[in-house]
Amino acid sequence: MRISELLARDKITVSCEIFPPKKDGAFGRIFEVVDQINQLNVDFISVTYGAGGSTSKKTVEVASYIQNKHCKPALAHLTCCDSSKEEIQHRLEELKANGIENILALRGDRPENYSGGGSYTYAIDLIRDIKVQGDFCIGAACYPEGHVECEHKEDDIGFLKAKVDAGCDFLTTQMFFDNNIYYNFLYRVLAAGIHVPVIPGIMPVINSKQIKRSCELSGTALPPRFKAIADKFSDVPEAMQQAGIAYATEQIIDLVANGVKYFHIYTMNRPETAAKIMENLSCILR
């Protein structure tokens, strides 16, 4: 089933993200993670894709497992920054052959010692090729606080509009910790003529040091309320986990109360975290 069809329903749509391990020895664990997330009755599961295609085969294998074992739509990530046209065409053919029809098209993080030379500069180039080469439902990333490499937010919105015009069917946001940032972003994209669904990405924080580093790299701001929680509980892992789950739950409750009908949980391969959030929301989602 296409993600765009799921998002068009008049009901709340929940999705989770997982990432295949880079080391083959840890690969078996990911199927256990998928099985546990599937038990949460989420609507689809997205599978990330390592820089430079480092987990490309695993991405396809895990996405196929999600669809064949659990009959649930899988969203396969696809990055392009150091790929040739031929490599992307091969990957698209591989996805088609495995019955995967949903792709999250990303430029991707540039690998270390990246010197350029690939066929793709931006995600929009990949979106155009996907649109030409297959009947896929295409998603893209968006940045409510602006892309870290883009100086002006207006330019960032313009690039986003170009992605949608090129064939993007829906958007998923980078993590954010203040819902007002997301609401303001929705007004700005609507004003720019962007009318595809914008799925808010929610990151349950259970390790404050790790998230601070991630926010520095992505340009995501930490509001004072969140900083106070992190400062208070960061040295007590169990307390930080409980507080992080509560914070993410409150974000989702506020989103649903304000009419948002979909959200995406960045699980970091921790199904137990997603399970606690879903339990907190059991009556709300029902």
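The values are calculated or read from the model by the stated rules, or taken from the named source; none is laboratory data. In this text the structure is predicted, and so the values were computed from the model without any measurement. We place every Cβ from the backbone using ideal geometry, glycine too, and count neighbours over all the protein chains shown.
Here is a yes/no grid of residues against (1) among the hydroxyl-bearing types (Ser, Thr, Tyr); (2) closer than 26 Å to Asp10 by Cβ:
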position	(1), (2)
Phe233	no, no
Met240	no, no
Gly244	no, no
Asp254	no, yes
Gly259	no, yes
Tyr266	yes, yes
Glu272	no, no
Leu281	no, yes
Task: Considering residues of segment 173-218 that are more than 17 Å from Asn258 (Cα to Cα), part of a loop (DSSP other than H, G, I, E, B) and of a type outside the set (A, V, I, L, M) only, the residue farthest from the chain's Cα centre (by Cα) - done: Gly193
Task: Pick from segment 112-135, criterion over 19 Å from Thr48 (Cβ atoms) and hydrophobic (A, V, I, L, M, F, W, C), ranking: modelled with the highest pLDDT - done: Ile124
Open item on the list: Looking at Asp82, Asp109, can you tell me which residue is modelled with pLDDT under 95, in a loop (DSSP other than H, G, I, E, B) and closer than 17 Å to Val47 by Cβ?
Closed with: Asp109
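So that you can scan it fast, the table gives a plain yes or no per residue for (1) surrounded by fewer than 14 Cβ atoms within 10 Å (Cβ to Cβ); (2) assigned to a helix (DSSP H, G or I); (3) not β-branched (Val, Ile, Thr):
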position	(1), (2), (3)
Lys11	yes, no, yes
Cys16	no, no, yes
Pro20	no, no, yes
Phe27	no, yes, yes
Ile30	no, yes, no
Val33	no, yes, no
Gln36	no, yes, yes
Asn41	yes, no, yes
Ser46	no, no, yes
Open item on the list: Please go through (1) within 27 Å of Leu255 (Cβ to Cβ); (2) surrounded by fewer than 16 Cβ atoms within 10 Å (Cβ to Cβ); (3) at pLDDT below 90 for Ser54 and return the number of the only condition it doesn't satisfy.
Closed with: (1)
Task: Qualifying residues in segment 224-240 (those that are among the acidic types (Asp, Glu) and assigned to a helix (DSSP H, G or I)) - the one modelled with the lowest pLDDT - done: Asp231
Task: Residue within segment 249-261 that is closer than 22 Å to Val47 by Cβ, under 20 Å from the mean Cα position of the chain (by Cα), hydroxyl-bearing (Ser, Thr, Tyr) and outside any loop (DSSP other than H, G, I, E, B) present - done: no
Task: Residue check for Ala243: buried (at least 19 other Cβ atoms within 10 Å of the Cβ), in a helix (DSSP H, G or I) and either over 20 Å from the mean Cα position of the chain (by Cα) or free of Cβ contacts under 8 Å to residues at least 12 places away in the same chain (or both) - done: yes
- [ ] Could you look through segment 191-208, keep only residues that are over 20 Å from Ile138 (Cβ atoms) and surrounded by 11 or more Cβ atoms within 10 Å (Cβ to Cβ), and pick out the one that is modelled with the highest pLDDT?
- [x] Ile202
Task: Residue that is farthest from Val33 (Cα to Cα) [pool: residues in segment 246-268 that are among the polar types (S, T, N, Q) and either surrounded by 18 or more Cβ atoms within 10 Å (Cβ to Cβ) or touching a Cys at 6+ places or on another chain (Cβ under 7 Å) (or both)] - done: Gln251
Task: Scope segment 156-187; condition of a type in the set (Phe, Trp, Tyr) and without any contact (Cβ under 8 Å) to a residue 60 or more places away in the chain; matching residues - done: Phe159, Phe176, Phe185, Tyr187
TODO: Answer yes or no as to whether Ala221 is at pLDDT below 90, among the aliphatic types (A, V, I, L, M) and either surrounded by fewer than 17 Cβ atoms within 10 Å (Cβ to Cβ) or under 20 Å from the mean Cα position of the chain (by Cα) (or both).
DONE: yes
